[in-house]
Amino acid sequence: ALSKGQSLCVGLLVPTLHWPLMLDIVRGVAEGVETSGYALMLYSMTRGDDSLRDFTEQIVRARQIDGLLVVIPTSMLDYLSLLYHEGLPMILVDDRGLKPGFPSVAPTNFEGGYAAARHLLDTGRRRLGIVNGPVDFGCNRDRIGGFQKALDEAGLMLDPRLVRHSDFTEDGGSLMVESLLDGGVEFDGLFFCNDQMALGGMQRLQQRGVRIPEEVAVVGFDDIPTAKFTTPSLTTIRQPLYEMGHMAATLLIESLKGGTLPAESIQLPTSLVVRGSTSGSTPLANTSPELLRQFGS
């Protein structure tokens, strides 16, 4: 390695290992690197600027890695883009719609939002609400965009009084559901832009005596491991987390062995996973003909 001026090591930079999404991505990366002849160095950014300074000095400038995989870099995009344009091969796993200026592997967020709305409509729901994540994340704009398209095709409007913005946490989802319930506008379906908010929201609905899915159907986004163990189990849009990590690692290794990195973002398909939070009885049997005419059949 020294004679060739290479470390034969690739880095994986993550903000934290506590996020429910992280395990499957890391597993995909690790298994993508495993038989390549390269080692994998994992580095987390739990100390903010201090972590970034140490990473720059100890890893990047010391040439301890030949290439870098990055998961959800939050505010680091400008710095990472600079490293890429200075010659460090790099791929971002899940760009969250931020258009980083270097190669990335991401899920089909727009199509996922569309599938969530289409499923709620197919179960007979007509008064749909959304609990969105941080508004500065492009992935959330894409998910809502797909959701809106499905409503438009059904001849329905998204009531702005049934839209809330939160922070991707269970507490945030719970608080937003409380706000919706106290807002005085009826709803029979909710789409949460991630599963953690959905878990908190479902708990608050049940605490307030709302039956899921009989009165309100719930769809999340991610398919984190906990989703299948809730009561009822959570219908969600599955992100191909393992596949994204594995593909990113494979593409990076190929480029280090003489190939070329993709010029644009590669998108892997999301998929609908139907569980108990939307299956079962629908609200249509108890809905008045007048209300059905107002919001579509």
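The values are calculated or read from the model by the stated rules, or taken from the named source; none is laboratory data. The structure displayed is predicted, hence computed values, not measured ones. All Cβ positions, glycine included, derive from the backbone under ideal geometry; neighbour counts span all protein chains shown. Surface areas here come from the heavy atoms of the whole protein model, side chains and all, with no ligands, DNA or RNA. Shrake-Rupley method; radii C 1.70, N 1.55, O 1.52, S 1.80 Å.
Numerical summary
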item	result
Antiparallel content of DSSP bridges confined to the chain, in %, to 5	10 percent
Radius 11 Å from Cβ of C9, net charge of other residues (Lys, Arg +1; Asp, Glu -1)	0
Cα-based convex hull, the stretch 129-236, per residue volume (Å³, whole number)	94 Å³
Computed over the chain: relative contact order in percent, which uses C-alpha pairs under 8 Å that are six or more apart	22 percent
Cα centroid separation - the stretch 176-233 against the stretch 260-276, whole Å	25 Å
DSSP H segments from the chain that extend 15 Å or more along their own axis, Cα-based, with Kyte-Doolittle mean of 1.6 or above	none
Loop GluC sites (Glu not before Pro), the stretch 39-113 (other Cβ atoms within 10 Å of the site Cβ: 12 or fewer; DSSP)	E86
Gained length - V210 relative to T35, 0.36 nm times residue gap less alpha-carbon distance	57.9 nm
Label corresponding to Kirkwood radius over Cα pairs in Å when calculated from the structure given, among [x] 20.4; [y] 22.4; [z] 19.0	[x]
Sequence of H119, H165, H246, H85 from largest to smallest accessible area, 1.4 Å probe	H85, H165, H246, H119
Surface share of carbon and sulfur [accessible, 1.4 angstrom probe, percent] for the chain	51 percent
Accessible surface of D95 - all protein chains present, 1.4 Å probe, nearest 10 Å²	10 Å²
